[in-house]
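Trainee: This is the structure I have questions about; it appears just below.
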Amino acid sequence: MKIRVDFYLLEQDADAAQARLACRIIDKAYRQGYQVYVLCTDTKQVEYLDKFLWTFDEISFLPHKIWQKQKELIPDSPILIGDQTVLPSKDYAILVNLRLDVPDFFAQFQRVIEIVSANTDARANARERYRIYRSHDTDLHSHKL
């Protein structure tokens, strides 16, 4: 079965817009019973998204933990967020990639989500990631928001 890769193209160029969409996607995947790993660019983005997951919706709660390999954490959460490219297990079905590169381990997921801001550099970078995913014979989809 091919890995599905979805590119969500935002009309805005704001961290909050990217985080809000990431939270909506994570929420939907969680409610469907999937385990999700959110790959962030750095610790600052991890902390930002961690706080955003607590506040993006007044009536929902998304159980999540921060994955930090160096702490030897054994995660027991359906949602992990981190900047680590090594996962504790292969049980996570969905990767939300917020980085500007294609992680080497993307093939262990059933689905990859790419959220792209309206920034010109971000769009150019996303086109390169699209080419990389295409070269790996993935099932590619684009969504303009």
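The values are calculated or read from the model by the stated rules, or taken from the named source; none is laboratory data. Everything quoted here is computed from the prediction, not taken from an experiment. When we count neighbours, we look across all protein chains shown, and the Cβ atoms used for this are built from the backbone with ideal geometry, even at glycine.
Trainee: Please list, ordered by first then second residue, the pairs with beta carbon atoms under 6 Å, 6 or more apart or interchain, first in the stretch 1-25 and over 19 Å from Trp54 (Cβ atoms), second part of a strand (DSSP E or B) and of a type in the set (Lys, Arg).
Mentor: From the stretch 1-25, the pairs are Arg4/Arg111; Leu9/Lys144.
Trainee: Moving on to the next point. Quick check: anything in the stretch 71-93 aliphatic (A, V, I, L, M), closer than 23 Å to Arg24 by Cβ, surrounded by fewer than 20 Cβ atoms within 10 Å (Cβ to Cβ) and modelled with pLDDT of 90 or more?
Mentor: yes
Trainee: Turning to a different aspect of this structure: Just checking, which of Val116, Val86, Val96 is within 15 Å of the chain's Cα centre (by Cα) and free of Cβ contacts under 8 Å to residues at least 40 places away in the same chain?
Mentor: Val86
Trainee: Right, another one. Given the criterion charged (D, E, K, R) and in contact with a strand residue (DSSP E or B) (Cβ under 8 Å, 6 or more places away or on another chain), identify the matching residue among Arg127, Arg111.
Mentor: Arg111
Trainee: Which of the residues spanning the stretch 98-124 are within 23 Å of Tyr48 (Cβ to Cβ), surrounded by fewer than 17 Cβ atoms within 10 Å (Cβ to Cβ) and among the polar types (S, T, N, Q)?
Mentor: Of everything in the stretch 98-124, those that are within 23 Å of Tyr48 (Cβ to Cβ), surrounded by fewer than 17 Cβ atoms within 10 Å (Cβ to Cβ) and among the polar types (S, T, N, Q) turn out to be Asn119, Thr120.
Trainee: Can you tell me which of Asp121, Asp139 is closer than 23 Å to Ala14 by Cβ and acidic (Asp, Glu)? Steps first, please.
Mentor: On the way: Asp139 fails: closer than 23 Å to Ala14 by Cβ.
Checking each option against the conditions leaves just Asp121.
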